[in-house]
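Engineer: Sending over a structure as structure tokens; questions will come in a sec.
Only the coordinates and a few stated rules stand behind these numbers; no lab work does. Note that the coordinates shown come from a computational prediction; the quantities given were computed from them, not determined experimentally. For neighbour counting, all protein chains shown are included, and Cβ atoms are generated from backbone atoms with ideal geometry for every residue, glycine included.
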Amino acid sequence: MRLSEARRDLYRRLAREQGYKSRAAFKLIEANERYDIIRPGFRVVDLGAAPGGWMQVASQLVGPAGVVVGVDVSPIRLKEKNVVSIKMDVHDRAVAEKVLQAVGGRADVILSDLAPTVTGVWELDQTRQVDLTLRAMELARVLLKEEGAVFCKLFEGERSQEVRDAFRLTFRSVRVVKPAASRNASSELYYYCEGLKPEPAGGG
Ligand SMILES: C[S@@+](CC[C@H](N)C(=O)[O-])C[C@H]1O[C@@H](n2cnc3c(N)ncnc32)[C@H](O)[C@@H]1O
């Protein structure tokens, strides 16, 4: 067994033991320990949230005074009281309004673990994932409060620079994160973007 497979198995087992819906939960736990991304009372939006591991982590971190709203094309079934699940495509034109209603205003943090069903053809998978991340950034403009933050996935490849440019145009600080729970072999990285800048005059 390769080291990356052993690591994946370890996090899968830990997730099962600790009641998390996915091993992805540990990526957010690790990033949060390092950067204090999610705090008590925060309003959090999670894009591409099924089966709900990140929502469970965020729910614990925001506590009873906060709320976590998850969006996915797949259903999310969670028991936590401070979570709302929306079954919808992030490209749906009605998604922003639905989320704002559920959050009760603009969010403090947006999480995006959006990923397409992988085909194994890396160029295709990467370009699809990049489009999803760019959509998350577009949504951040309408869902996130000024100075808010985004923690999101990005598949590394030919189009990564395009996305990093979009991050830097939109946020004051951009940091790259590679959590231990993210498979070594995989070319996924996470970005923690802080301090949403005000919209440029003219909306562009
Ligand atoms: C890696 S999984 C997310 C795992 C999640 N963070 C967790 O902790 O359980 C990526 C998710 O993105 C969702 N997704 C992909 N394209 C989407 C789209 N256009 N709209 C909404 N969700 C999408 C998939 O259905 C999948 O559930």
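Engineer: Residues in region 122-132: is at least one over 25 Å from R12 (Cα atoms), part of a loop (DSSP other than H, G, I, E, B) and in contact with a Lys or Arg (Cβ under 7 Å, 6 or more places away or on another chain)?
Structural biologist: No, region 122-132 contains no residue that is over 25 Å from R12 (Cα atoms), part of a loop (DSSP other than H, G, I, E, B) and in contact with a Lys or Arg (Cβ under 7 Å, 6 or more places away or on another chain).
Engineer: While we're looking at this one, here's another question. Got a sec? Which of V176, V150, V109 is within 14 Å of the chain's Cα centre (by Cα), assigned to a strand (DSSP E or B), of a type outside the set (D, E) and away from the ligand (no atom under 16 Å from the Cβ)?
Structural biologist: Values: V150 fails: away from the ligand (no atom under 16 Å from the Cβ); V109 fails: away from the ligand (no atom under 16 Å from the Cβ).
Result: V176 is the single residue among V176, V150, V109 that is within 14 Å of the chain's Cα centre (by Cα), assigned to a strand (DSSP E or B), of a type outside the set (D, E) and away from the ligand (no atom under 16 Å from the Cβ).
Engineer: While we're on this one: Could you please find all residues in region 3-56 being within 27 Å of A96 (Cα to Cα), within 16 Å of the ligand (Cβ to nearest atom) and of a type in the set (G, A, S)?
Structural biologist: If the condition is that a residue be within 27 Å of A96 (Cα to Cα), within 16 Å of the ligand (Cβ to nearest atom) and of a type in the set (G, A, S), then S22, A24, A25, A31, G48, A49, A50, G52, G53 are the ones that fit.
Engineer: Also, quick follow-up: Looking at the structure I just gave you, is V95 surrounded by 15 or more Cβ atoms within 10 Å (Cβ to Cβ) and over 27 Å from D36 (Cβ atoms)?
Structural biologist: Answer is yes for this residue.
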